[in-house]
Amino acid sequence: MANVNKAIITAVKLTHTYASPDNSGDESVGTQALRGVDLEIAKGEFVAVLGHNGSGKSTLARHFNALLKPDSGTVFVENFNTADDDSTIEIRRRVGMVFQNPDNQIVANVVEEDVAFAPENLGIPPAEIRKRVDDALRTVGMYEYREHAPHLLSGGQKQRVAIAGALAMQPECIVFDEPTAMLDPQGREDVVAIIRALRDELGVTVILITHHMEEAINCDRIFIMNEGEVVKVGTPQEIFREVKLLRELGLDVPDTVELLYDLNQAGFNLPLDALTEDEAAAAIALNLGVSR
Ligand code: ADP
Ligand code: MG
């Protein structure tokens, strides 16, 4: 699937150590957050990154747009090396970031000014900025709110404005670091739908870090992180059937897989690659000899 020429992001033996000590009790060593990560993400792919707290997901994400630099190993965005300071602008044009807390990402007092902030800093002509801002706000369903004050919006709406801000840069790729973690169910649903549409309708490469397994069900590939390493890569079907491994790594599995797995422990013989309720119901009905 991914090949070198079409890769948007490539990491080779990427390591990252924070200067502050880990909690091992040895003050002389830093925290090794990434331990030799090799990966390649193709243009247009939708990749989900799963892993328990502290496994290195956010550190990895920050390498993808040169917010952090490797201590050893290399990260390329297309052919730009993130270690090369002269490439930072080109890298940030290509890879946008959306973080967990929408309040930390809002920089202006009016929605449309907020979305215009990054393109203005790039020196893009005003008419072009106007168009980009309007397009981005329409894409996230926030055009009607363009003259509103961001701080009066709901969490989900603020996060949609943050996504519009990333989109206004017309990036190849957006990295979402737990974008729904602070949202209510409606906000989550809206944001997830937009993330899917960015990929399906605009062809944006999506890298989604999440704790919500259902958000990863429709992606192309899942990367599982543990202790600073990518320990498993596969399609959602391949990953979620590894119930035992996921549980050992402190991760959930989708509810449907959990149900099928528990039924199998009780003596059934059901496939574990039914990821939606419909698929699970069909698998159970088939097993019971019931036609639906
Ligand atoms: P995740 O996003 O998967 O929770 P992080 O990448 O945030 O993981 O963290 C990986 C490891 O690096 C953890 O042990 C964390 O405590 C440590 N870490 C993260 N950010 C910093 C920082 N700014 N300074 C020192 N240690 C950090
Ligand atoms: Mg994190």
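The values are calculated or read from the model by the stated rules, or taken from the named source; none is laboratory data. Bear in mind that the values here come from a model prediction, so they are computed numbers and not experimental data. Positions of Cβ are generated from backbone atoms using ideal geometry, with glycine treated the same way; all protein chains shown enter the neighbour counts.
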Exercise. With (1) more than 16 Å from ligand 1 (Cβ to nearest atom); (2) surrounded by fewer than 16 Cβ atoms within 10 Å (Cβ to Cβ); (3) assigned to a strand (DSSP E or B) as the list, and ILE8 as the residue in question, which single condition is left unmet?
Worked result: (2)
For this session: Run down VAL204, VAL192 and say which single residue is touching a Leu at 6+ places or on another chain (Cβ under 6 Å), closer than 21 Å to SER58 by Cβ and away from ligand 1 (no atom under 16 Å from the Cβ).
Result: VAL204
Exercise. Does ILE284 satisfy the criteria of being touching a Phe, Trp or Tyr at 6+ places or on another chain (Cβ under 7 Å) and not in a loop (DSSP other than H, G, I, E, B)?
Worked result: no
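Being of a type in the set (A, V, I, L, M, F, W, C), more than 32 Å from the chain's Cα centre (by Cα) and over 17 Å from GLU238 (Cα atoms) narrows it down to one residue among LEU288, LEU263; which is it?
Selected residue: LEU288, the only one of LEU288, LEU263 that is of a type in the set (A, V, I, L, M, F, W, C), more than 32 Å from the chain's Cα centre (by Cα) and over 17 Å from GLU238 (Cα atoms).
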Problem set entry | From SER72, SER58, residue being over 14 Å from THR10 (Cβ atoms) and within 13 Å of ligand 2 (Cβ to nearest atom) | SER58
For this session: Can you confirm whether the range 237-247 contains a residue that is in a strand (DSSP E or B) and not hydroxyl-bearing (Ser, Thr, Tyr)?
Result: no
Exercise. Among the candidates ARG35, ARG62, which residue alone is among the basic types (Lys, Arg), more than 15 Å from ILE174 (Cα to Cα) and modelled with pLDDT of 95 or more?
Worked result: ARG35
Exercise. Do we find that ILE207 is within 30 Å of MET142 (Cβ to Cβ), out of contact with any Ser or Thr (no Cβ under 6 Å at 6 or more places or on another chain) and more than 15 Å from ligand 2 (Cβ to nearest atom) in this structure?
Worked result: no
For this session: Could you please tell me which pairs satisfy a Cβ distance under 8 Å, a separation of 6+ or placement on different chains, a first residue in the range 39-51 that is basic (Lys, Arg), and a second residue that is at pLDDT below 95 and within 16 Å of ligand 2 (Cβ to nearest atom)?
Result: none
Exercise. If you take the residues of the range 74-106 that are crowded, with 18+ Cβ neighbours inside 10 Å and assigned to a strand (DSSP E or B), which of them is farthest from ligand 1 (Cβ to nearest atom)?
Worked result: PHE80
Problem set entry | Flag for GLY54 being in a loop (DSSP other than H, G, I, E, B), out of contact with any helix residue (DSSP H, G or I) (no Cβ under 6 Å at 6 or more places or on another chain), within 11 Å of ligand 1 (Cβ to nearest atom) and of a type outside the set (S, T, N, Q) | yes
For this session: Within the range 134-155, work out how many residues are surrounded by fewer than 22 Cβ atoms within 10 Å (Cβ to Cβ) and within 24 Å of VAL47 (Cβ to Cβ).
Result: 1
Exercise. What is the one condition in (1) polar (S, T, N, Q); (2) in contact (Cβ under 8 Å) with a residue 24 or more places away in the chain; (3) in contact with a strand residue (DSSP E or B) (Cβ under 9 Å, 6 or more places away or on another chain) that ASN101 does not satisfy?
Worked result: (3)
For this session: Any residue in the range 247-258 that's under 12 Å from HIS211 (Cβ atoms): show its pairings with residues that are modelled with pLDDT of 90 or more at Cβ separation under 7 Å, as long as the two are six or more apart or on different chains.
Result: GLY250/HIS52; LEU251/LEU50; LEU251/HIS52; ASP252/MET213
